[in-house]
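What follows is a set of notes on a single structure, which appears directly below.
The values are calculated or read from the model by the stated rules, or taken from the named source; none is laboratory data. Just so you know, these numbers come straight off a predicted model, no measurement behind them. Don't worry about glycine lacking a Cβ; one is built from the backbone with ideal geometry, like all the others, and counts go over all protein chains shown. Just the protein is used for accessible areas: all its heavy atoms, side chains included, with ligands, DNA and RNA removed. Shrake-Rupley method; radii C 1.70, N 1.55, O 1.52, S 1.80 Å.
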Amino acid sequence: MTTLDDLPIRDDLRGLTPYGAPQLDVPVRLNTNENSYPVPEPVVEAIGKAVAAELRDLNRYPDRDAMALRADLAAYLGHGLTADHVWAANGSNEIQQQLLQAFGGPGRTALGFTPAYSMHPLLALGTGTRWVPGTRDADFGLTAADVVAQVRAHRPDVVFLCSPNNPTGTALDPAVVAAVLDEAPGMVVVDEAYAEFARAGTVSALAVLPGHPRLVVTRTMSKAFGFAGGRLGYLAADPAVVEAVQLVRLPYHLSALTQAAARAALAHRDALLGTVAAIKEQRDRIVATLRARGHRVADSDANFVLFAVDGDQGAAWRTLLDAGVLVRDVGLPGWLRVTAGTPAETDAFLTATEKLS
Ligand SMILES: *Cc1c(COP(=O)(O)O)cnc(C)c1O
């Protein structure tokens, strides 16, 4: 039998295993920050109709530039953005891959601040971009002075910021984004996958797009919109950035079905985003309950919570799994991450965590 090692695969991919959280069949799955609520029935019907209307024309390629969808996304974002400022792809992972294809690549470097989204270094690997793992303070915080020092030391072509940050949950102080924009010689990507869950008063980097053509804000419909299976991510930036990613995107990368489904979902955004308040309530309940029991817990602006456990987090993960609750071991010694789901899922999680102390 041929094994991977027998193939003339790139040296930098040799010996690696594919990335992915375990997809285990357990009653309570709180490990990938999905929205626990199913798509509401009226939205199911609207998406069904929109997709059905495309079927007869599937002999034709879709709109390569997804103009109608981009206009809808711009209208959702506000901030005076238009379709020219927005680009869409199959998830914000694909958006970030395109950004690295255009602005990273062989001979170039990307800097992120660990722990942050684990896909950023993997996208760097896949695009041949050298990854520089930057650091945070002991409480996972980032100060403007610290990030500026790291940017100055490495002169990266691309800086990844993540706000609210996955896996810690906390949004960035806008002063940090401003400081990086001032100091970075290259592109600055702010991954705002969880923006809709942020606590009141949190400022999006969208507000500073004017006058910053090297700033890119990435967003997704996978989390707040409950549309992870639909695969729709997008960016907002100067129109020149959109021109740049069009140089590397595959032609017709976004299927007619995806475009139609996403537009129908956006048209029903009030119904879809209607779950956000309930999810934030469960998130705040998890934070308060675990803190009251003496756990260290990171502040969360997202739909998940990072909490500390006594001893080995792998053993704690297994204890919770044995109680029917799947959370995420993100590889941070002594910490686990849990998604805020429905009230019933949160009950199950909080009951299971009583076994930890
Ligand atoms: C979940 C997540 C995404 C979403 O990726 P998609 O490809 O849009 O599903 C992006 N960034 C971060 C930090 C995430 O946690």
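When you go through Ala83, Ala153 one by one, which is the residue that is open to solvent by 50 Å² or more (accessible area, probe 1.4 Å), aliphatic (A, V, I, L, M) and over 29 Å from Ala308 (Cβ atoms)? First the steps, then the outcome.
On the way: Ala83 fails: open to solvent by 50 Å² or more (accessible area, probe 1.4 Å).
Of Ala83, Ala153, the one residue that is open to solvent by 50 Å² or more (accessible area, probe 1.4 Å), aliphatic (A, V, I, L, M) and over 29 Å from Ala308 (Cβ atoms) is Ala153.
Would you pick out the residues in region 264-306 that are assigned to a helix (DSSP H, G or I) and within 24 Å of Ala68 (Cα to Cα)? Lay out the reasoning, then the answer.
The initial filter retains those residues of region 264-306 that are assigned to a helix (DSSP H, G or I), namely 264-267, 269-273, 276-292.
Result: Ala264, Ala265, Leu266, Ala267, Arg269, Asp270, Ala271, Leu272, Leu273.
So which pairs qualify, if the first residue must be in region 217-231 and under 14 Å from Asn303 (Cβ atoms), the second must be more than 8 Å from the ligand (Cβ to nearest atom) and open to solvent by 30 Å² or more (accessible area, probe 1.4 Å), the Cβ gap must be under 6 Å, and the two must be at least 6 apart or on different chains?
Here the result reads Ala224/Glu196; Ala224/Leu273; Gly226/Tyr37; Ala228/Glu34, each pair linking region 217-231 to a residue that is more than 8 Å from the ligand (Cβ to nearest atom) and open to solvent by 30 Å² or more (accessible area, probe 1.4 Å).
Are any residues in region 307-333 in a helix (DSSP H, G or I) and free of Cβ contacts under 8 Å to residues at least 24 places away in the same chain, and if so, which ones?
Looking only at region 307-333, we keep the residues that are in a helix (DSSP H, G or I), and these are 313-322.
Within region 307-333, Gln313, Gly314, Ala315, Trp317, Arg318, Asp322 meet the criteria.
Name the residue that is nearest to the ligand (Cβ to nearest atom), counting only residues in region 196-209 that are open to solvent by 40 Å² or more (accessible area, probe 1.4 Å) and in contact (Cβ under 8 Å) with a residue 12 or more places away in the chain.
Taking region 196-209 and keeping what is open to solvent by 40 Å² or more (accessible area, probe 1.4 Å), we get 199-203, 207-208.
With the extra rule that they be in contact (Cβ under 8 Å) with a residue 12 or more places away in the chain, the set shrinks to 199, 202-203, 207-208.
Numbers: Arg199: 17, Thr202: 15, Val203: 18, Ala207: 20, Val208: 19 Å.
Looking at residues that are open to solvent by 40 Å² or more (accessible area, probe 1.4 Å) and in contact (Cβ under 8 Å) with a residue 12 or more places away in the chain, I get Thr202.
Only residues that are surrounded by fewer than 23 Cβ atoms within 10 Å (Cβ to Cβ), small (Gly, Ala, Ser) and assigned to a loop (DSSP other than H, G, I, E, B): list them for region 225-263, please.
The one that is surrounded by fewer than 23 Cβ atoms within 10 Å (Cβ to Cβ), small (Gly, Ala, Ser) and assigned to a loop (DSSP other than H, G, I, E, B): Ser255.
Given (1) more than 25 Å from Arg269 (Cβ to Cβ); (2) surrounded by 15 or more Cβ atoms within 10 Å (Cβ to Cβ); (3) without any contact (Cβ under 8 Å) to a residue 24 or more places away in the chain, identify the lone condition not met by Val26.
Going through (1) more than 25 Å from Arg269 (Cβ to Cβ); (2) surrounded by 15 or more Cβ atoms within 10 Å (Cβ to Cβ); (3) without any contact (Cβ under 8 Å) to a residue 24 or more places away in the chain one by one, Val26 breaks only (3).
Which one of these does Phe227 not meet: (1) in the same structural domain as Ala83 (by TED's automatic domain parsing); (2) more than 16 Å from the ligand (Cβ to nearest atom); (3) farther than 17 Å from Val189 by Cβ?
Here Phe227 clears every test but (2).
Residue check: is Tyr76 open to solvent by 30 Å² or more (accessible area, probe 1.4 Å), among the aromatic types (Phe, Trp, Tyr) and touching a Lys or Arg at 6+ places or on another chain (Cβ under 7 Å)? Please lay out each step first, then the result.
Numbers: open to solvent by 30 Å² or more (accessible area, probe 1.4 Å): yes; among the aromatic types (Phe, Trp, Tyr): yes; touching a Lys or Arg at 6+ places or on another chain (Cβ under 7 Å): yes.
For Tyr76, the condition - open to solvent by 30 Å² or more (accessible area, probe 1.4 Å), among the aromatic types (Phe, Trp, Tyr) and touching a Lys or Arg at 6+ places or on another chain (Cβ under 7 Å) - is met.
For the subset of region 135-170 comprising residues that are within 12 Å of Glu183 (Cβ to Cβ) and part of a loop (DSSP other than H, G, I, E, B), which member is nearest to the ligand (Cβ to nearest atom)? Give the steps one after another, and end with the answer.
We begin by selecting, within region 135-170, every residue within 12 Å of Glu183 (Cβ to Cβ); these are 144-156, 159.
Subset that is part of a loop (DSSP other than H, G, I, E, B): 155-156.
On the way: Arg155: 24, Pro156: 18 Å.
By that ranking, first place goes to Pro156.
For (1) away from the ligand (no atom under 16 Å from the Cβ); (2) among the small types (Gly, Ala, Ser), each residue gets a yes or a no:
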{"position": "Ala184", "(1), (2)": "yes, yes"}
{"position": "Gly211", "(1), (2)": "yes, yes"}
{"position": "Ala236", "(1), (2)": "no, yes"}
{"position": "Arg249", "(1), (2)": "no, no"}
{"position": "His253", "(1), (2)": "no, no"}
{"position": "Ala260", "(1), (2)": "yes, yes"}
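Name, by its number, the condition in (1) buried (at least 21 other Cβ atoms within 10 Å of the Cβ); (2) in a helix (DSSP H, G or I); (3) free of Cβ contacts under 8 Å to residues at least 60 places away in the same chain that does not hold for Pro121.
Pro121 satisfies all of (1) buried (at least 21 other Cβ atoms within 10 Å of the Cβ); (2) in a helix (DSSP H, G or I); (3) free of Cβ contacts under 8 Å to residues at least 60 places away in the same chain except (1).
Could you tell me how many of the residues in region 186-195 are within 11 Å of the ligand (Cβ to nearest atom) and not acidic (Asp, Glu)? Spell out how you get there, then give the answer.
Pass one, region 186-195, residues within 11 Å of the ligand (Cβ to nearest atom): 189-195.
Those left that are additionally not acidic (Asp, Glu): 189-190, 193-195.
Qualifying residue count, region 186-195: 5.
Need pairs with beta-carbon distance below 6 Å; first residue in a helix (DSSP H, G or I) and within region 2-18, second open to solvent by less than 100 Å² (accessible area, probe 1.4 Å); sequence gap 6+ or separate chains.
No pair meets every condition.
Tell me which helices (runs of 4 or more DSSP H) are completely within region 40-108 and hold 3 or more residues being more than 16 Å from the ligand (Cβ to nearest atom), or say none if there are none. Working first, answer last.
Values: elements: 41-55, 67-77, 92-103.
The helices (runs of 4 or more DSSP H) meeting that bar are 41-55, 67-77.
Of everything in region 213-224, what is among the basic types (Lys, Arg) and more than 9 Å from the ligand (Cβ to nearest atom)? Give them in sequence order.
Here is the first cut: in region 213-224, the ones among the basic types (Lys, Arg) are 214, 219, 223.
Within region 213-224, just Arg214 meets the criteria.
Out of (1) more than 19 Å from the chain's Cα centre (by Cα); (2) outside any loop (DSSP other than H, G, I, E, B); (3) closer than 26 Å to Leu332 by Cα, what's the single condition that is false for Trp131?
Among (1) more than 19 Å from the chain's Cα centre (by Cα); (2) outside any loop (DSSP other than H, G, I, E, B); (3) closer than 26 Å to Leu332 by Cα, the lone unmet condition for Trp131 is (1).
Could you tell me whether region 291-309 includes any residue that is open to solvent by less than 10 Å² (accessible area, probe 1.4 Å), β-branched (Val, Ile, Thr) and in contact with a Phe, Trp or Tyr (Cβ under 9 Å, 6 or more places away or on another chain)? Steps first, please.
Kept after step one, since they are open to solvent by less than 10 Å² (accessible area, probe 1.4 Å), are these residues of region 291-309: 300-307.
Of the ones still in play, those that are also β-branched (Val, Ile, Thr) are 305.
Filter once more, so that each one left must be in contact with a Phe, Trp or Tyr (Cβ under 9 Å, 6 or more places away or on another chain): none.
So far as region 291-309 goes, no, none of its residues is open to solvent by less than 10 Å² (accessible area, probe 1.4 Å), β-branched (Val, Ile, Thr) and in contact with a Phe, Trp or Tyr (Cβ under 9 Å, 6 or more places away or on another chain).
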